[in-house]
Amino acid sequence: MNEAGPEQERDRERELEALLELSRRGRAKLERLHEVLTTPGHYGTGATPAAVVYRENKLKLLRLLDETGQPRDGRPPVLFVPAPVSRYFIMDLLPGRSFAGYVAAAGFDVYIADFGTPGREDRFADLEYYVEGLVRRCVRTVCALTGHEAINVVGYCLGGTLSLLYSALHPETVRRLVLLTTSVDGDVEGGIPWVAHRMGLAGEDYDNPRLVPAAEVKSWFEMLAPGSNSTLGRVSDLWDRLDDAPDRLREIRTMASWVDDVVAAPGRLLAELYRKLGPGANGLMKGTVTVGAQRVDFAEVAMPVLSVSAEKDTIAPAAGVDAVRSIVPHAEILRLPGGHVGIVAGRSAAALWKRTVEFLGGGVSTRET
Amino acid sequence: MDSMVKNDDFLVHLGNALRGSLLAGKAYPTQPPPSASAPETPSDDRLDQILFAVRRLEGEVHDLKLTLAELKGERKQVPKKPRPPRPKEPQ
């Protein structure tokens, strides 16, 4: 029997120590994961206290309240319109990380449209229902509550599309319009409409619509970044992140709770969007889009408009967003570093919030592109 | 450990984490198995259409209420014409 020499003994001890260290780090990560998973977090609702001032079907119109529980009525009202296929609370994510909260803290009377989760019967909801129904009644309700004839509207993603269409149809009720990562050029390749196209959305039936399951909507988003969104990639990513402090992990958890919590979508709305605005049809750019029986004329959009794109946006590619200058030539175009979600609620979102408050307050354009 | 295994919420969180997600409050969205979705019958479809039509009507009723409130507000804003002086009664 060979006896190990002193050098081999030392090698073995080093290897053993390395293994023990690996095991200690793994255990620490699992303990961190356990702590994060078992600590009640902030998710699923907005961070800022709010009152429901109007309900219709699944929609709730929220009015943000100040520290004393009272609505702010100093500066003109601002209505946030998020995308109906995701949860509203991305606009009001965390204390200190809330776009809507920041705008409210600047003295504006802030409202958020929470479209809620559609039920089976809502598969019949079309573009007209959202634009001329829900969005228009939200604006009317805000006007009725505050006595203003025109209010500010901030639309995010598909919520921006609804806001733009609404503003063209009812320009007298919109004081200033902010469009966040709102794609207008359906022919710019990439982004959700193209992925949906590749995944067979063209087959969505307008006349006999289905409620498109959340898992299917989620799969389109996942297709935008193949690999990074695979289970293996995500688990590996999460394992790396477990080195972060629990507070940071809780922030990540809140963001993940928005990213991964998509809602089902009305098939009729998707079919109509695809048919009118999607690749080939491109109704926003071609000026052919209709809402119900009404032809939309973007020459009516005479109010100041700020359109914001994100350099690394895979959901609404920046080129398709910035194309708004073709249909609304006076729109201020702002392109920010970051992605679709990061510019709104990420760690560097303050740049967008600050510019939005300046813009809503009538501030001078910086004309950053 | 035993209590964790019996805690449904924790198991949902753990299931999400095993998918690489920290989604809180609910399970990661997945397609239900094909057997879970019952085929839709025409009567289901008609009921849903009726329900959605009722939802639309509720919105339209709210529109009418808002219009009425606006009309009331406008009426209040119309300045009242000063009453003409009463003719003096003969004494």
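Would you work out the Kirkwood radius for chain A? I mean one over the mean of 1/r across all pairs of different Cα atoms, in Å.
Mean inverse Cα-Cα distance, inverted, gives 22.0 Å.
With the crude spin-label approximation of a point 7 Å out along Cα→Cβ, what separation in nm comes out for residue A:19 versus residue B:11?
Result for the modelled spin labels: 3.4 nm.
Could you state the angle between the C-alpha long axis of helix A:350-360 and the longest principal axis of the C-alpha atoms of chain A, as a value from 0 to 90 degrees rounded to the nearest 10?
The angle comes out near 10 degrees.
Could you state the angle between the C-alpha long axis of helix A:214-223 and the longest principal axis of the C-alpha atoms of chain A, as a value from 0 to 90 degrees rounded to the nearest 10?
Value to nearest ten degrees: 70.
Search the structure for amide H atoms under 5 Å from the amide H of residue A:332, placed 1.01 Å from N in the peptide plane, and list their residues when 5 or more places away or on another chain.
A:305, A:306, A:307
How large is the convex hull of the Cα atoms of the stretch A:76-196 per residue, expressed in Å³ as a whole number?
Working: hull volume 14.8 nm³, N = 121.
It is 122 Å³ per residue.
Between beta-carbons, use under 15 Å as the cut-off and find the net charge around residue A:27, counting Lys and Arg +1, Asp and Glu -1.
0
Which whole number gives the average, over all residues in A:255-265, of C-beta atoms from other chains lying within 10 Å of the residue C-beta? Working shown, then result.
Values: counts 1, 7, 7, 1, 3, 11, 7, 1, 1, 1, 0.
Counting other chains' Cβ atoms within 10 Å and averaging over A:255-265 gives 4.
Could you run the Karplus curve 6.51 cos²θ - 1.76 cosθ + 1.60 with θ = phi - 60° over the stretch B:62-69 and give me ³J(HN,Hα) per residue in whole Hz, x for Gly and Pro?
Taking θ as phi minus 60°, the curve returns 4, 4, 4, 4, 5, 5, 4, 4 Hz for the stretch B:62-69.
Below 12 angstrom from the Cβ of residue A:125, what's the summed charge of the other residues (Lys, Arg +1; Asp, Glu -1)?
Values: positive: A:58, A:120, A:123, A:268, B:55, B:56; negative: A:56, A:121, A:122, A:126, A:128, A:132, A:272, B:48.
Net local charge, residue A:125 excluded: -2.
On a C-alpha basis, how far is the centre of the stretch A:114-193 from the centre of the stretch A:307-339 in Å? Whole number, if you could?
Each part's Cα centre sits 18 Å from the other's.
For the stretch A:215-344, with equal point scatterers placed on the C-alpha atoms only and solvent neglected, what are the log10 I(q)/I(0) values from the Debye formula at q = 0.15, 0.16, 0.19, 0.20 1/Å, to two decimals?
Reported log10 I(q)/I(0), two decimals: -0.95, -1.04, -1.26, -1.32.
Averaged over peptide B:57-65, how many Cβ atoms belonging to another chain are found within 10 Å of each residue's Cβ?
Average per residue, whole number: 3.
May I ask for the net charge around residue A:348, where only other residues with Cβ less than 13 Å from the Cβ of residue A:348 are counted and Lys, Arg are +1 while Asp, Glu are -1?
+4
Shielding by partners for A:113-122, please: the mean number of other protein chain Cβ atoms within 10 Å of each residue's Cβ. Could you put the intermediate results ahead of the total?
Numbers: counts 0, 0, 0, 0, 0, 0, 4, 7, 11, 4.
Average neighbour count from other chains, rounded to a whole number: 3.
Output wanted: per-residue J couplings in Hz (rounded whole) for the stretch A:115-132, from phi through Karplus 6.51 cos²θ - 1.76 cosθ + 1.60, θ = phi - 60°, x for Gly and Pro.
Karplus-based 3J(HN,Hα) across the stretch A:115-132 equals 6, x, 10, x, x, 3, 5, 6, 5, 8, 5, 10, 4, 4, 4, 6, 6, 7 Hz.
Have a look at A:305, A:235, A:296 and tell me which one the Gaussian network model of chain A (Cα, springs below 10 Å) gives the largest fluctuation.
Of the options given, A:235 has the highest mean-square fluctuation.
Go through A:254-265, A:340-351 and give me the packing order, highest mean Cβ count within 10 Å leading.
A:254-265, A:340-351
For each pair in A:276/A:312; A:60/B:6; A:276/A:354, compute the distance between the two Cα atoms and list the pairs where it is over 29 Å. Before the final figure, lay out the partial values.
Numbers: A:276/A:312 26 Å; A:60/B:6 35 Å; A:276/A:354 34 Å.
Over 29 Å Cα-Cα: A:60/B:6; A:276/A:354.
What's the exposure ranking of A:93, A:20, B:18, going from fewest to most Cβ atoms within 10 Å?
A:20, B:18, A:93
Residue by residue through the stretch A:162-175, which ³J(HN,Hα) values in whole Hz follow from phi under the Karplus form 6.51 cos²θ - 1.76 cosθ + 1.60 (θ = phi - 60°), with glycine and proline marked x?
So the J values, rounded to whole Hz, are 4, 5, 5, 4, 4, 5, 6, 7, 9, x, 5, 9, 10, 7.
How compact and how long is the stretch A:1-130, expressed as Rg and Dmax of its alpha-carbon atoms in Å?
26.8, 89
Among A:353, A:19, A:235, pick out the residue whose Cα is farthest towards the positive end of the charge dipole of the protein assembly as shown, where Lys and Arg carry +1 and Asp and Glu carry -1 on C-beta, about the Cα centre.
A:353
A short reminder: the numbers here are calculations on the coordinates, not readings from a lab. None of the values given here were measured: they were computed from a predicted structure. Methodologically, a virtual Cβ is constructed for each residue, glycine included, from the backbone with ideal geometry; neighbour enumeration extends over all protein chains shown.
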